[in-house]
Amino acid sequence: MIAEPFVVLKDVAKRWNGQLGVEDISLDIDEGSFVALLGPSGCGKSTSLRLLAGLELPDEGSIWIQGRDVTTSAASDRNLSMVFQSYALFPHLSVAENVIFGLKVRRVPRTERAAKLANALQITGLEGLENRKPAELSGGQRQRVALARAIVAGQKLCLMDEPLSNLDAKLRNSVRKDIKKLQRDLGITVVYVTHDQTEAMSMADKVVLMKDGRIQQVGSPDDLYNRPANTFVAEFVGAPPMALIESHIVDGVQPGLTLGLRAEKISIVPSGEGRLSCRVSEAEFLGSETLIGLEHEGAVGLTVMRPGLSMLPVGEHIDITFNDQDLHMFNEAGERITGH
Amino acid sequence: MKRLSHYIESAAAILLALIWISPLLFAFWAAFHTTSDAVNFNIMSAWTLDNFRTAWDGAPWLRYFMNTFLLVTIVLIGQFFFTTLAGFVFAKLEFPGKNLVFILVLMQLFILPEVLIVENYAMVSRLGLFDTLFGVGMPYMASAFGIFLMRQSFKSVPIELHEAARIEGCGLLGILWRVYVPLAKPTYLAYALVSVSTHWNNFLWPLIVTNSPETRPLTVGLSIFGAPENGVDISIISAATIMSVAPLLIAFLVFQRQFVQAFLRAGIK
């Protein structure tokens with residue numbers, strides 16, 4: 001018996017007066033998994049999430065949650081919760097009232113409400129702040145109130161729309177871990193929208209990379225990093241991103257292709273022994289390593305990683321080499337050539 | 001030069017304020033003195049409360065106060081109800097012809113209420129509400145100003161709050177009641193102040209549409225009390241006037257700061 005996926009989007013499209021919204025979105029999400037919708041701004045990831053939430057209705061296609069067709073259902077009938085980028089806390093209500101807002105609307109009895117509130121506050125570490133108003137909380141605390149509101153009702157599906165983008169970098173790291181732990185402990189299914197690939201790669205079981213309203217690749221973080229489906233994925237994922245090289249400048253490779261190469265697969269060799277001779281265009285020290293940006297005609301994004309502090313003067317010419325099996329090959333349309 | 005113009009401005013402001021408040025000061029002066037002392041501005045003359053006694057006995061003031069109080073309450077409740085619903089629709093819902101309808105509503109602002117008195121009179125009579133407090137208040141309930149104010153206030157509520165409430169299971173009216181109305185509290189307060197003071201002072205329309213002491217509000221009662229047929233006694237009329245405006249005046253003095261803040265917060269000045 002094959003279990004029905006928890007959430008299914010089938011050929012979903014949404015268009016805004018001719019402008020591109022999203023097109024051909026088909027996606028299966030397993031129960032208990034963490035799925036990240038990743039992409040540059042304007043790629044349609046938030047629109048996809050809003051379609052799933054029921055805040056927008058699709059022009060085409062269908063959406064299924066827990067085996068039920070919810071394509072035209074109201075947001076409130078979809079049994080899901082949502083964390084907004086701005087947190088969307090009600091400024092006139094206290095922390096406790098914000099968290100139990102949905103329970104009150106759904107007429108959950110008072111005693112049950114109190115128990116669920118206590119539980120949600122305990123999980124998110126908000127005890128003692130029950131009577132504060134959102135304006136009296138720090139950014140991180142507000143974020144936790146939004147999380148508490150999302151988990152208090154015990155919905156199995158939780159949607160998150162860039163929940164970390166209003167936090168400072170340090171807090172972001174710790175909250176990232178908290179959210180991941182929360183998701184695992186509660187066994188909920190999370191669909192998480194982000195433009196930050198670090199978030200997507202570190203948290204998600206499955207990453208959906210989007211561009212211009214279309215899905216570019218669906219796969220595990222490993223798939224996206226090591227087997228990018230096209231040049232867009234190759235250039236988007238990873239820091240530094242994959243270098244793209246026109247194949248005619250490399251000996252021993254069939255011309256007319258685009259080659260992809262990760263920085264960590266490139267090594268510097270004494271001059272005269274390398275496969276490409278490049279000019280150093282920049283050097284960036286990151287602490288544990290130094291990134292050396294290289295220039296070569298017909299190649300973009302060539303970077304070499306060197307351990308520790310290892311700056312090279314800009315303008316110097318160096319030779320680099322790499323193995324053929326580390327090359328990713330893309331055809332003229334930018335699609336990955338498989339079998340390699 | 002700059003300093004001089006500053007002084008001139010201040011002096012002009014003070015002068016204007018004095019002119020503005022002088023009738024009230026005179027009424028206050030006259031109300032506490034006998035008529036002859038009052039018109040002679042005899043500073044040393046004795047103060048008296050007799051005028052108030054005479055005035056109070058001269059008309060059913062308690063009834064009038066009650067009527068005015070009921071009237072402003074009815075109008076305010078009606079206005080809150082209609083302006084909330086209409087303001088919400090214009091702020092957050094889409095329907096064909098919305099802008100046209102909104103312009104029609106706003107056009108009401110260009111029409112002086114006095115122009116509509118005859119039409120309103122006919123309407124209220126047709127509805128059988130002539131000489132009732134509800135009839136007095138009804139034409140003001142769907143206030144264009146109020147609808148506009150509520151629309152502006154609701155428009156400033158972030159859409160995420162609306163969406164969050166939707167996801168949490170609220171229906172449209174639930175969202176209105178649980179999210180928009182509480183957030184628009186300052187606007188409601190400011191609007192209530194404007195509405196109460198307007199309708200407390202409204203005279204012409206209640207004069208026309210009321211006919212008996214049972215429905216007459218203060219303003220109409222006062223004018224009948226002070227009508228020349230009843231003999232003009234400036235001190236007694238002043239006493240009656242001070243009585244009529246006292247509740248509003250005292251409320252304003254006590255809540256001055258809140259009044260101003262409410263207006264600032266509601267974004268109208």
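Where a number appears in this text, it was derived from the coordinates with a stated rule and is not lab data. As the structure is a computational prediction, the values presented were derived from the model and not from experiment. Using ideal geometry, Cβ is built from the backbone for each residue, glycine included, and neighbour counts are taken over all protein chains shown.
When the Gaussian network model of chain A links Cα atoms closer than 10 Å, the mean-square fluctuations of A:ASP326, A:ASP205, A:ASP251 top out at A:ASP251.
For the residue pairs A:LYS181/B:LYS155; A:LYS180/A:LYS265; A:LYS14/A:LYS156; A:LYS104/A:LYS206; A:LYS170/B:LYS92; A:LYS14/A:LYS133, the C-alpha atoms sit more than 27 angstrom apart in A:LYS181/B:LYS155; A:LYS180/A:LYS265; A:LYS104/A:LYS206; A:LYS170/B:LYS92; A:LYS14/A:LYS133. Bridges between two residues of the protein assembly as shown, per DSSP, are antiparallel at a rate of about 75%. Cβ crowding within 10 Å ranks B:HIS162, A:HIS328 as B:HIS162, A:HIS328, fewest other Cβ atoms first. With a Förster radius of 56 Å applied to the C-beta separation of B:GLU214 and A:ILE337, the computed FRET efficiency comes to 0.05. What the Cα convex hull of the stretch A:1-96 gives, in volume per residue, is 144 Å³.
Once the Cα atoms are used to define both axes, helix B:98-107 deviates from the longest principal axis of chain B by about 10 degrees. For chain B, which span is the longest to avoid every loop-located (per DSSP) member of chymotrypsin sites (Phe, Trp or Tyr not before Pro) having at most 13 other Cβ atoms inside 10 Å? Here the longest segment lacking exposed loop sites spans B:48-202. Reducing the stretch A:145-183 and the stretch A:203-240 to their Cα centroids gives an inter-centroid distance of 22 Å.
Hull volume per residue, based on the alpha-carbon atoms of the stretch A:243-330 and their convex hull, is 86 Å³. By the beta-carbon count within 10 Å of each Cβ, the least crowded to most crowded order of A:THR290, B:THR73, fewest first, is B:THR73, A:THR290. Using only the Cα atoms of the protein assembly as shown, build the gyration tensor, take square roots of its eigenvalues as a ≥ b ≥ c, and label the shape rounded, prolate or oblate: rounded if a/c is under 1.5, else prolate if a/b is larger than b/c, else oblate. Since a/c reaches 1.5 and a/b is larger than b/c, the shape of the protein assembly as shown is classed as prolate. Need the C-alpha centroid separation for the stretch A:248-282 versus the stretch B:203-269, integer Å. Taking the Cα centre of each part, the stretch A:248-282 and the stretch B:203-269 sit 90 Å apart. Each part reduced to its alpha carbon centroid, the stretch B:17-65 and the stretch B:104-131 end up 36 Å apart. Over the stretch A:65-143, the alpha carbon radius of gyration divided by the compact-protein estimate 2.2 N^0.38 Å works out to 1.23. Note on chain B: along the principal axes its Cα atoms extend 72, 63, 33 Å, ordered by decreasing extent.
Applying the criteria of a DSSP loop state and at most 11 other Cβ atoms within 10 Å to the trypsin sites (Lys or Arg not before Pro) of the stretch A:66-109 yields A:ARG107. Build a GNM of chain B with springs between Cα atoms under 10 Å apart, and of B:GLN152, B:GLN79, B:GLN108 the one that fluctuates most is B:GLN108.
Axis of helix B:234-266 versus longest Cα principal axis of chain B: the two differ by about 30°, to the nearest ten degrees. Since only A:ALA96, A:THR303, A:HIS317 are under comparison, the one whose Cα sits farthest along the positive direction of the charge dipole of the protein assembly as shown, derived from C-beta charges on Lys, Arg, Asp and Glu, is A:ALA96.
With the gyration tensor restricted to C-alpha atoms of the stretch B:78-154, the semi-axes of the equivalent ellipsoid amount to 25, 14, 11 Å, longest first. The phi torsions of the stretch A:127-136, fed into the Karplus equation with coefficients 6.51, -1.76 and 1.60 and a -60° offset, translate into couplings of 4, x, 10, 3, 9, 6, 8, x, 5, 9 Hz, rounded to whole numbers, with Gly and Pro shown as x. Distant-in-sequence amide contacts of A:GLN216, defined by a placed amide H-H separation under 5 Å and a gap of 5 or more residues or a different chain, comprise A:LEU209, A:MET210, A:LYS211. Rounded to the nearest whole Hz, the Karplus-based 3J(HN,Hα) values (6.51 cos²θ - 1.76 cosθ + 1.60, θ = phi - 60°) of the stretch B:7-16 follow the sequence 5, 4, 4, 4, 4, 5, 5, 5, 4, 4, with x at glycine and proline. With both residues required to sit in chain A, DSSP beta bridges show an antiparallel share near 75%. Legend: ranking of residues A:ARG279, B:ARG216, B:ARG3 from fewest to most surrounding C-beta atoms inside 10 Å; resulting order B:ARG3, A:ARG279, B:ARG216.
3J(HN,Hα) along the stretch B:31-43, derived from phi through the Karplus expression 6.51 cos²θ - 1.76 cosθ + 1.60 where θ = phi - 60°, amounts to 5, 9, 9, 5, 4, 5, 4, 4, 6, 8, 6, 7, 4 Hz, with x in place of Gly and Pro. Between the Cα long axis of helix B:61-92 and the first principal axis of chain B there is an angle of about 20°, rounded to the nearest 10.
Taking the helices alone, the protein assembly as shown has a mean residue ellipticity at 222 nm of -14000 deg cm²/dmol, built from -39,500 (n - 2.57) per DSSP H run of at least 4 residues and averaged over all its residues.
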